[in-house]
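FYI, it's all coordinate maths here, none of it is from the lab. The model shown is predicted, which means the values in this text are computed figures rather than measured ones. In this analysis, Cβ positions are derived from the backbone assuming ideal geometry, glycine residues included, and neighbour counts consider all displayed protein chains.
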Amino acid sequence: MERKKFLKKSLSAIGLIALSPIANSCNKNDLIGGSGTDTGDSSGSCEVSPVETEGPFPTKTPSSLVSPDIISDRTGIPLTIKITVNNSNNSCAALEGAIVDIWHCDKDGYYSEYGGSGMQQANYSSVHFLRGRQTTDTAGLVTFNSIFPGWYSGRAPHIHVHIYDKNGSSLLVTQIAFPTDICDSVYTTATDFYTRGTQDTSNSSDNVFADSLASELASVSGNVNDGFELKHIITVAA
């Protein structure tokens, strides 16, 4: 909790809280749902992926947002998100029928379904952009069409993920990190969309990813002109 207090005090001092969501509200001290360790590995380890906080902006009614296309009216560089879910209780075989919810901020660092408060000045409480739900296929895969997220002060760029079993019971809440070189490329060259420059918080100093980055760092390919594709493996105990 001391880190949270320090972050809040520091952000207040430089006047950033009114500009973006409060970074310290996405801290490991506030874990919600799931079970596991911080030793999961997106490269193929059969250990459960890290448990992380849902953050201050979880999807309010995810069952109403079943769609592979979550862009809505948001603008930015296209991003295809491919998440594979494996089951640690079955030798990391692909988990068919898992329900996968994702959500992330827009190019300016804002979330839908929230706003008009100190946590997020811009009010997007009546819209639902960049949120969606899909069910894994026989390969354990879900695919979403989205945009490359922006960032907000105190957090590295990220995607939130909540995975449920086929009956709707929570299996894991986690987050996905982006490679720094890809973020730098997007934020410094796609300046018709991303106007804030590079993120102020690195993956290694992020209060969520600092101790679990190897497990949560996605593989991202592509370019600013053609868009990007993100691939990530998440392991749950189902």
Candidate aspartates and glutamates - alpha carbon under 20 Å from residue 60, same-chain residues fewer than 8 apart omitted: 30, 52, 69, 73, 101, 106, 113, 165
1/(1 + (r/R0)^6) with r = Cβ-Cβ of residue 202 and residue 122, R0 = 35 Å, i.e. FRET efficiency to nearest 0.05, evaluates to 0.90
Between residue 223 and residue 69, the two model label points (7 Å from Cα along the beta-carbon direction) sit apart by a distance in nm of 2.6 nm
